[in-house]
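Structure, as structure tokens:
The values are calculated or read from the model by the stated rules, or taken from the named source; none is laboratory data. The structure displayed is predicted, hence computed values, not measured ones. All Cβ positions, glycine included, derive from the backbone under ideal geometry; neighbour counts span all protein chains shown.
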Amino acid sequence: MSADAEHRPLVLVSNRGPVTFDEEGGVKRGTGGLVTALTGLASHRDAVWVCSTMTEGDAQRAREEQGRPFTVTSPAGGEYQVKFVESDPDAYDRFYNIFANPMLWFIQHYLWDLSNAPDVRRHEVEAFEFGYNVVNEDLARAVVEEVEGVDEPVVMVHDYHLYTLPALVRKAREDVVLHHFVHIPWTQPDAWRVLPNRIRDELYEGLLANDIIGFHTRSYRWNFLQCCRDLMGLDVDFERGIVRWQDREVWVRAYPLPIDASAIQKTATSSRVDDFAAELERRRREHLILRVDRADLSKNVLRGFTAFDLFLEQHPEFAERVTFVAQLMPSRTDVPEYAEYLERIEAIVAVVNHRHGTPDWMPIQLKLRDDLEEAVAAYKDYDVLLVNAMFDGMNLVAKEGPIVNERDGVSILSENTGAHEELGEFALSVNPFDVQELADSIHAALTMEPQERRRRAAGLKRIITARDPGDWIDDQLADIRRKAGVEA
């Protein structure tokens, strides 16, 4: 590989793309933290973004373009070269709803209750063979088409949906520079023993076809290296972050994802945010606690509400003085575990409001919708930001909120979020399973001295603004250049 690999056009590949189309041709921004991260990368470099179709509108557009890349402008800003890939609907359903979610997602967030689930049967094995692998093959084929005629192409693969893709691309193009970033946690070796050995080996062999594998934190990087040693029996250099696989050295790195602070600050000045902020101010009590999340099992929403219930029980002096606003986006509702979780969220909110509420005061305001501007209005106004995920790859809310908050709001942050590795010094750190500690932290945050609130808020802002998405991208591209130079 030559050292100028960094300067070649990039191919990005992920399950979701930067936009989705409806059947009338209308376009919406793609959802999720991964899309947020990659839009910065795609606008930073000359890149073609290869992704799966999410809607019938996407599929129609893919057919119209005959599988070729086309230029699209996102409603959120930015212009991208997108190549949609349509997979067989049954294969995609198996890929997404049976294997990637919940199987891999649950493994990588320690969500399985192993005394009860999962039971790996032919259903799950066939979902891997005829779903996960089929979609990975479809996207790999599109990537190989896209790099045809390009010497030593650079391909950046993203997330847990595409673990077997790199080996397929490597087999077709030995000269490719492959970089894979995993946006969710990487768990310790025993968590992976849920999977049959053959499936687990195939996933790891797919990942190890990359030249560089990136994670959000040093702890996820360490866990991956442990897995390569303990599950695959490989030679691992923990200090240098190198796995020796076949005749190659695979670099394993940590690249913490920053937010685009200027973008969130710009959103905070919009007239629609002002309208939401005015309504929030009209209805707010003395104190406001906020959480903004997907209604995902890993986010630990139920324990957050249980802790608030406990706080109100133990500190009745806060009755009618505090409101907990929870803006939750329903997530993966076609997966039974998620539909049931959403029902449990609504049930516990009803219990807490019935137990503590009065005719004039509803302790928890639950908003089941995804509205960035409404969330940003609440970011500006909170006294306490609650992020108590059981495990989380990074958690961008923990970084977005403090940037626009105008009240020296206190962050309560789970020690198991990726963001904690950077922000823990200036947040109130909590064990996400310790409900009493969380209740105590709510009280500590609401009674904290103003100068201590200012100190913590300033510290959070300083760390969050120290790097931007361009730095995150540049760090990865610099490693691509170094790796290419090492192997030249």
- Task: Exactly one condition in (1) touching a residue at least 12 places away in the same chain (Cβ under 8 Å); (2) assigned to a helix (DSSP H, G or I); (3) within 15 Å of Leu413 (Cβ to Cβ); (4) not aliphatic (A, V, I, L, M) is not met by Phe433; state its number.
- Result: (2)
- Query: Does the stretch 421-429 contain any residue that is polar (S, T, N, Q) and in contact with a His (Cβ under 8 Å, 6 or more places away or on another chain)?
  - Reply: yes
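Outside any loop (DSSP other than H, G, I, E, B), out of contact with any Phe, Trp or Tyr (no Cβ under 6 Å at 6 or more places or on another chain) and either surrounded by 15 or more Cβ atoms within 10 Å (Cβ to Cβ) or small (Gly, Ala, Ser) (or both): does that describe Ala439? Steps first, please.
Values: outside any loop (DSSP other than H, G, I, E, B): yes; out of contact with any Phe, Trp or Tyr (no Cβ under 6 Å at 6 or more places or on another chain): no; either surrounded by 15 or more Cβ atoms within 10 Å (Cβ to Cβ) or small (Gly, Ala, Ser) (or both): yes.
Here the answer is no, as Ala439 does not meet what is asked.
Determine which member of the set Ala263, Ala254, Ala307 is over 26 Å from Leu438 (Cα atoms), modelled with pLDDT of 95 or more and of a type outside the set (Phe, Trp, Tyr). Talk me through it step by step, then tell me what you get.
Numbers: Ala263 fails: modelled with pLDDT of 95 or more; Ala307 fails: over 26 Å from Leu438 (Cα atoms).
Matching residue, one of Ala263, Ala254, Ala307: Ala254.
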- Query: Of everything in the stretch 61-81 that's exposed (fewer than 13 other Cβ atoms within 10 Å of the Cβ) and polar (S, T, N, Q), which residue is modelled with the lowest pLDDT?
  - Reply: Thr73
- Item | So Thr269, is it of a type outside the set (Asp, Glu), under 25 Å from the mean Cα position of the chain (by Cα), assigned by TED's automatic domain parsing to the domain that holds Asp371 and surrounded by fewer than 22 Cβ atoms within 10 Å (Cβ to Cβ) | no
- Counting only residues that are part of a helix (DSSP H, G or I) and either in contact (Cβ under 8 Å) with a residue 60 or more places away in the chain or not acidic (Asp, Glu) (or both), the stretch 187-196 contains a total of 3
- Task: Inspect the stretch 322-340 for any residue being closer than 14 Å to Leu368 by Cα, out of contact with any Lys or Arg (no Cβ under 9 Å at 6 or more places or on another chain) and surrounded by 20 or more Cβ atoms within 10 Å (Cβ to Cβ) and give the result as yes or no.
- Result: no
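Restricting to the stretch 238-250, name every residue that is more than 13 Å from Asn210 (Cα to Cα) and free of Cβ contacts under 8 Å to residues at least 12 places away in the same chain. Working first, answer last.
Residues of the stretch 238-250 more than 13 Å from Asn210 (Cα to Cα): 238-241.
Selection gives Glu239, Arg240.
Looking at Phe238, Phe224, Phe215, which one is assigned by TED's automatic domain parsing to the domain that holds Phe181 and farther than 27 Å from Gly470 by Cβ? Steps first, answer last, please.
Details: Phe224 fails: farther than 27 Å from Gly470 by Cβ; Phe215 fails: farther than 27 Å from Gly470 by Cβ.
Result: Phe238 is the single residue among Phe238, Phe224, Phe215 that is assigned by TED's automatic domain parsing to the domain that holds Phe181 and farther than 27 Å from Gly470 by Cβ.
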- So Val157, is it at pLDDT 95 or above and not polar (S, T, N, Q): yes
- Task: Identify the residue in the stretch 453-475 that is surrounded by fewer than 18 Cβ atoms within 10 Å (Cβ to Cβ) and touching a strand residue (DSSP E or B) at 6+ places or on another chain (Cβ under 9 Å) and, among all such residues, is modelled with the lowest pLDDT.
- Result: Asp475
- Got at least one residue in the stretch 154-165 being touching a strand residue (DSSP E or B) at 6+ places or on another chain (Cβ under 7 Å), in a helix (DSSP H, G or I) and closer than 18 Å to Leu12 by Cα? yes
- Message: Given the criterion under 18 Å from the mean Cα position of the chain (by Cα), assigned to a helix (DSSP H, G or I) and either modelled with pLDDT under 90 or not polar (S, T, N, Q) (or both), identify the matching residue among Leu12, Leu34.
- Response: Leu34
- Query: Quick one: Asn300 ticks every box in (1) surrounded by fewer than 16 Cβ atoms within 10 Å (Cβ to Cβ); (2) touching a residue at least 60 places away in the same chain (Cβ under 8 Å); (3) among the polar types (S, T, N, Q) bar one, so which box is it?
  - Reply: (1)
- Check every one of the helices (runs of 4 or more DSSP H) wholly within the stretch 62-153 and list those with 2 or more residues that are within 30 Å of Arg481 (Cβ to Cβ) and either touching a Lys or Arg at 6+ places or on another chain (Cβ under 8 Å) or not assigned by TED's automatic domain parsing to the domain that holds Tyr220 (or both). 133-146
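For every residue, the table says whether it meets (1) within 19 Å of the chain's Cα centre (by Cα); (2) under 30 Å from Thr333 (Cα atoms); (3) crowded, with 24+ Cβ neighbours inside 10 Å.
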{"residue": "Val352", "(1), (2), (3)": "no, yes, no"}
{"residue": "Asp360", "(1), (2), (3)": "no, no, no"}
{"residue": "Glu374", "(1), (2), (3)": "no, yes, no"}
{"residue": "Ala398", "(1), (2), (3)": "yes, yes, yes"}
{"residue": "Val404", "(1), (2), (3)": "no, no, no"}
{"residue": "Asp408", "(1), (2), (3)": "no, no, no"}
{"residue": "Thr417", "(1), (2), (3)": "yes, yes, yes"}
{"residue": "Glu425", "(1), (2), (3)": "no, no, no"}
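Residue-wise test of (1) closer than 21 Å to Gly401 by Cα; (2) modelled with pLDDT of 95 or more; (3) hydroxyl-bearing (Ser, Thr, Tyr).
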| site | (1), (2), (3) |
| --- | --- |
| Leu328 | yes, yes, no |
| Tyr338 | no, no, yes |
| Arg344 | no, yes, no |
| Arg355 | no, yes, no |
| Trp361 | no, yes, no |
| Gln365 | yes, yes, no |
| Glu374 | yes, yes, no |
| Tyr379 | yes, yes, yes |
| Leu385 | yes, yes, no |
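Would you please name the residue that is nearest to Arg456 (Cα to Cα), looking only at residues in the stretch 344-389 that are assigned to a helix (DSSP H, G or I) and basic (Lys, Arg)? Spell out how you get there, then give the answer.
Applying the first criterion (assigned to a helix (DSSP H, G or I)) to the stretch 344-389 yields 344-356, 372-381.
Subsequent filtering for residues that are basic (Lys, Arg) retains 344, 355, 380.
On the way: Arg344: 34, Arg355: 33, Lys380: 16 Å.
Looking at residues that are assigned to a helix (DSSP H, G or I) and basic (Lys, Arg), I get Lys380.
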